[in-house]
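**Q** I'd like to ask you about the structure that follows.
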Amino acid sequence: REFNELPHFFERRLDPSYEATEEYLKLFRQSELLTTVGRILAFIGSSFGSVLLLFATINDAILLHVKLGHFNLIWYAGILGIIYSAGKAMLPNPEIHS
């Protein structure tokens, strides 16, 4: 970016590069296996997470006082959120990979 460049000049200078950038990114397709694993992780994280959310709407003390193993359900809700986020990160961007 140039010194004291106005935003509309900056956008006008960058606009021609967007089409070439999108074509370049389309060269790198994501593997079907990685996409499938991402969909499975996102499904598992969201389905079990929604069950825990349902429990929390019924009575929020359930998440704090019910334990599975050594951890309470709120810990599992955090882990399921991480699993969901990791699964969504593995999915291809539909705007780029269409």
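**Q** Which of the helices (runs of 4 or more DSSP H) contained wholly in segment 4-81 include at least 3 residues that are touching a residue at least 40 places away in the same chain (Cβ under 8 Å)?
**A** Counting at least 3 such residues, we get 32-58.
**Q** Further question: Do you know which residues across segment 6-28 are of a type in the set (D, E, K, R) and surrounded by fewer than 11 Cβ atoms within 10 Å (Cβ to Cβ)?
**A** E11, R12, D15, E19, E23
**Q** Another question about this same structure. For T35, indicate whether it is exposed (fewer than 13 other Cβ atoms within 10 Å of the Cβ) and farther than 30 Å from E2 by Cβ.
**A** In short, no.
**Q** Keeping to segment 82-97, report how many residues are open to solvent by 70 Å² or more (accessible area, probe 1.4 Å) and either without any contact (Cβ under 8 Å) to a residue 12 or more places away in the chain or farther than 30 Å from T21 by Cβ (or both).
**A** Looking only at that region, the number is 3.
**Q** If I filter segment 15-48 down to residues being at pLDDT below 90 and of a type in the set (A, V, I, L, M), which single residue comes out as farthest from L80 (Cα to Cα)?
**A** If we take residues in segment 15-48 being at pLDDT below 90 and of a type in the set (A, V, I, L, M), then A20 is farthest from L80 (Cα to Cα).
The values are calculated or read from the model by the stated rules, or taken from the named source; none is laboratory data. Since this is a predicted model, take the numbers as computed values, not measurements. Using ideal geometry, Cβ is built from the backbone for each residue, glycine included, and neighbour counts are taken over all protein chains shown. Just the protein is used for accessible areas: all its heavy atoms, side chains included, with ligands, DNA and RNA removed. Shrake-Rupley method; radii C 1.70, N 1.55, O 1.52, S 1.80 Å.
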